[in-house]
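Every number in this text was worked out from the coordinates using simple rules, so none of it is lab data. What you see is a predicted model; the values in this text were computed from it and never measured. Ideal geometry is used to build each Cβ from the backbone, glycine not excepted, and the neighbour counts take in all protein chains shown.
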Amino acid sequence: MPHIQKHLFKRLYDKVEKNRELAALLIKEFFTKVDDLTLSIPYLLPVLIDRLNAEDLEGIDSLPEAMKPTSGQKAQVMKDPPEPCEEVRATIAEIVTIISSTVIFECLRPYVDQMVGICRALCMDPCGSVIIEGCAAMRELAKAGGN
């Protein structure tokens, strides 16, 4: 996996929807079969953050402080996610659940903020199946961190 993972992760940016879907399915299949995912995490998380727009969920990072909304006005559903295909987003959510449930939390500790942002983005998705899988990923992350 280490030899092809960067190339496979880049396919998640492909213009052709079927290529992105196949890449996500391959990544999911690899992750279910591989014992140690820790070497893949630093390469995959930035791709997932970008594909799910998980860095600036509320879209307010570039606003001046006076224009930022209060906590009650923050977004609850993501409009027009960067990844337009629901199937790809659902598979990405399954990949995040696999990472959350199989990787030792000590290995995830440096990436907790990114993982929480990804899970939040999944839970704000317009598609119901992605939201459900995002909640499962959040639950697995919380279980792993609670031990």
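Helix 41-52 versus the longest principal axis of the chain: what angle, 0 to 90°, nearest 10, using Cα atoms?
Result, in degrees: 40.
Ranked by Cβ crowding within 10 angstrom, fewest neighbours first, how are Leu37, Leu44, Leu52 ordered?
Details: Leu37 19, Leu44 23, Leu52 27.
In increasing order of surrounding Cβ atoms, one gets Leu37, Leu44, Leu52.
Which one of Phe9, Cys127, Ala144 has its Cα pushed farthest toward the positive end of the charge dipole of the chain, where Lys and Arg give +1 and Asp and Glu give -1 at the Cβ?
Positive-most Cα among the choices belongs to Phe9.
Quick one: helix 128-146 against the long Cα principal axis of the chain, what's the angle to the nearest 10°, folded into 0 to 90?
80
About the Cα centre of the chain, how large is the charge dipole given +1 on each Lys and Arg Cβ and -1 on each Asp and Glu Cβ? Please answer in debye to the nearest 20.
Numbers: 17 positive and 22 negative charges, 28 e Å.
Computed about the Cα centre, the dipole is about 140 debye.
What net charge do the residues around Lys15 carry, taking every other residue with its C-beta under 14 Å from that of Lys15, with Lys and Arg at +1 and Asp and Glu at -1?
Net local charge, Lys15 excluded: +1.
May I ask for the angle, rounded to the nearest 10°, between helix 112-123 and the longest principal axis of the chain, with both axes built from Cα atoms and the value confined to 0 to 90°?
Between helix and principal axis, roughly 80 degrees.
If you rank Asp36, Asp125 by fewest surrounding Cβ atoms within 10 Å, what's the result?
So the ranking, lowest neighbour count to highest, is Asp36, Asp125.
Can you tell me how the stretch 88-147 classifies by the Cα gyration tensor, rounded, prolate or oblate, using a/c under 1.5 as the rounded cut? The partial results should precede the final answer.
Working: a/c = 2.06, a/b = 1.91, b/c = 1.08.
Because a/c hits 1.5 or more and a/b exceeds b/c, the stretch 88-147 counts as prolate.
Under the rule that an exposed site lies in a DSSP loop and has at most 10 other Cβ atoms within 10 Å, name the longest stretch of the chain with no trypsin sites (Lys or Arg not before Pro) of that kind, not counting the sites themselves.
Values: sites that count: Lys15, Lys79.
Longest stretch, sites excluded: 80-147.
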